[in-house]
Amino acid sequence: MGFELNRFQGDVDEELICPICSGVLEDPLQAPTCEHAFCKSCITEWISRQPTCPVDRQNVTSAQLRQVPRILRNLLSRLCIHCDNAPYGCTRVLKLDSLQNHLEECEFNPKRPLPCEQGCGLIIPKDELKDHNCVKELRSLIHTQQQKIDDFHKDLAEQRFVINEQKREMQLLKEFIRAIRISNPSMRAIADAMERDEVLRWSNTLQRARVNRWGGMISTPDEVLQRMIRRTLTEIGCPPHILDDLMENCHERRWPPGLCSLETRQNNRRQYENYVCKRVPGKQAVVVLACDNTHMGEDMMVEPGLVMIFAHGIE
Amino acid sequence: MANIAAQRIKREFKEVIKSEEVAKCAIRVELLNDTFTELKGEIAGPPDTPYEGGTFVLEIKVPETYPFNPPKVRFVTKIWHPNISSVTGAICLDILKDQWAAAMTLRTVLLSLQALLSAAEPDDPQDAVVAKQYKENNEMFQITARHWTNVYAGGPNINKDCDDKIRRLADMGIEEHQARVALSSYDWELERATEQLFS
Ligand SMILES: [Zn+2]
Ligand SMILES: [Zn+2]
Ligand SMILES: [Zn+2]
Ligand SMILES: [Zn+2]
């Protein structure tokens, strides 16, 4: 819909008036042959009812509508119009083409968003400020958030249920596979080979680690440290069938004879450099896998490998 | 009411008031409420027609969707015309239906109605009885239309013969307008009109 005529300073040429809304053309388009011009919204509305020119009833479709000539657009942009918010006290008179910019920052706009100054922190349209009640608004905010939290809780319970269900099924599946493995030797061979391959594949995804200070090795890491490393191993895709054993083998009580006491460790220090160690990202720890370390002697390695946690010195 | 309709009617109202037709007393329009939804129109009967000298009042209702839909217009003044119902005042005119165009105004509507009074379209009738008379007994049609203009629209041409016949029926207890309709419908033959009224 066009601009109301009485908002303009001085006379407006009849050519700049939309024959549909009788306002000054807003965003004008013209019919192809007769060149009658209309506001975009006005002519779109009319053509949606019947595809004719509203002045002379020639056939026109919306695809045939086109831009009005530059001269007409220039005439329009030079018209001087009172701000939309004149009824609210704005006295600005602007060229039509700068009206939009002004409206975006006009301080008389009754809908201009303002922060509440009584401390609730909400942003409110200016004209609603006088009826604004912080407590009431915040209450309704709390109410909707409470509803959201309730919904999340319901979701969470539902997810937990699904996860438990899946865990149970997985457990069943594992037991089933174990049973097949025990009862069928060729199956056992296949499964073992698959597991070995999986460990190899995982090992290849890990980066080589360099241990600068073997003396920083913690031979009796506590529960907290162990849980942290276990978590990281899970995150970087450690095959589940070796995870428990690997983590058991992070403590000297499960280490091979060549490592299991301070005395043997001191005796075998020279051999440490031969270990192929893999990084545990972001942690001062390395994974030493049996498959990477077949060159090490039996008293320096255990299946499926071991974890060494350090106080410092890992790169 | 939608903003656009009010803006249009405001402007058109001024347009009619300023128009040269008003200066010639041919058309007039008056606002009935300040929401611009109801207006009263008036058109003068065109010269050299049976409506000459009469003033015809129109009821104009502006729909919410104006000007995308035409105004609803009806004759309040009773009129004898093939395209206007002698009972309800409903009008059969294309521009008030599917030939409406959004750029048309109250002024063009009133002028089109005036043109309709000058040139009836008996093949697209609103009132079948009137249309039949118009085609088959045009002389009688002229007399009837002129008589109705005199009685209802303040036209100058008194028809003594018609008035007498109506008085005869009125004496029999028939209401005047009912009597006029019956006589008009039967080409002013008193006997047939009476027969129809008492059957
Ligand atoms: Zn056109
Ligand atoms: Zn428009
Ligand atoms: Zn402003
Ligand atoms: Zn507040």
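The values are calculated or read from the model by the stated rules, or taken from the named source; none is laboratory data. Keep in mind that what you see is a predicted model, and the values were worked out from it rather than measured. Ideal geometry is used to build each Cβ from the backbone, glycine not excepted, and the neighbour counts take in all protein chains shown. For the accessible areas, the whole protein counts, side chains as well, though only heavy atoms, and no ligand, DNA or RNA atoms are used. Shrake-Rupley method; radii C 1.70, N 1.55, O 1.52, S 1.80 Å.
Descriptive notes on the structure:
- Within region A:195-216, residues that are more than 11 Å from A:P239 (Cβ to Cβ) have Cβ atoms under 6 Å from residues that are open to solvent by 50 Å² or more (accessible area, probe 1.4 Å) in these pairs: A:Q207/A:R279; A:A209/A:R279; A:R210/A:E315; A:G216/A:A311; A:G216/A:H312, counting only partners at least 6 apart in sequence or on another chain.
- Test: residue in region A:7-19 that is free of Cβ contacts under 8 Å to residues at least 40 places away in the same chain, over 18 Å from B:Q7 (Cα atoms), away from every other protein chain (no Cβ under 14 Å) and not aromatic (F, W, Y): no
- Elements of type helices (runs of 4 or more DSSP H) in region B:91-164, at least 1 residues being touching a residue at least 60 places away in the same chain (Cβ under 8 Å): B:106-118, B:138-152
- Scan region A:231-282 for residues that are within 44 Å of the chain's Cα centre (by Cα), of a type outside the set (F, W, Y) and part of a loop (DSSP other than H, G, I, E, B) and the total you get is 12.
Residue-by-condition table, conditions (1) closer than 14 Å to B:A103 by Cβ; (2) away from ligand 4 (no atom under 16 Å from the Cβ); (3) basic (K, R):
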residue	(1), (2), (3)
A:E4	no, yes, no
A:I17	yes, yes, no
A:C21	yes, yes, no
A:P28	no, yes, no
A:A37	yes, yes, no
A:K40	no, yes, yes
A:I47	yes, yes, no
A:R57	yes, yes, yes
A:V60	yes, yes, no
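- Leading residue by the ranking (farthest from A:R7 (Cα to Cα)) among those in region A:61-78 that are hydrophobic (A, V, I, L, M, F, W, C) and away from ligand 2 (no atom under 15 Å from the Cβ): A:A63
- The set of residues from region A:21-45 being within 13 Å of ligand 1 (Cβ to nearest atom) and closer than 17 Å to A:N59 by Cβ comprises A:L29, A:Q30, A:A31, A:P32, A:T33, A:C34, A:E35, A:H36, A:F38, A:I43.
- For A:I124, the criteria (1) of a type outside the set (D, E); (2) within 19 Å of A:R7 (Cα to Cα); (3) not assigned by TED's automatic domain parsing to the domain that holds A:I17 hold in every case but one, which is (2).
- When A:D97, A:D84, A:D131, A:D150 are checked against the criterion of being out of contact with any Ser or Thr (no Cβ under 6 Å at 6 or more places or on another chain) and open to solvent by 80 Å² or more (accessible area, probe 1.4 Å), a single residue qualifies: A:D131.
- Test result for B:K18, modelled with pLDDT of 85 or more, farther than 24 Å from B:G89 by Cα and open to solvent by 10 Å² or more (accessible area, probe 1.4 Å): no
- Residues of region A:9-55 that are within 11 Å of ligand 2 (Cβ to nearest atom) and basic (K, R): A:K40 alone.
- Looking across A:P32, A:P54, one residue alone is open to solvent by less than 70 Å² (accessible area, probe 1.4 Å), away from chain B (no Cβ under 14 Å) and either in contact (Cβ under 8 Å) with a residue 12 or more places away in the chain or not hydroxyl-bearing (S, T, Y) (or both). It is A:P32.
- Meets criteria (away from ligand 3 (no atom under 16 Å from the Cβ), away from chain B (no Cβ under 14 Å) and surrounded by 13 or more Cβ atoms within 10 Å (Cβ to Cβ)) for A:C120: yes
- One residue from B:N83, B:N69, B:N33 being within 14 Å of chain A (Cβ to nearest Cβ) and either open to solvent by less than 60 Å² (accessible area, probe 1.4 Å) or out of contact with any Phe, Trp or Tyr (no Cβ under 9 Å at 6 or more places or on another chain) (or both): B:N69
- Of all residues in region B:21-71, those satisfying the criterion of being β-branched (V, I, T) and closer than 15 Å to B:T149 by Cβ are B:I43, B:T49, B:T55, B:V57.
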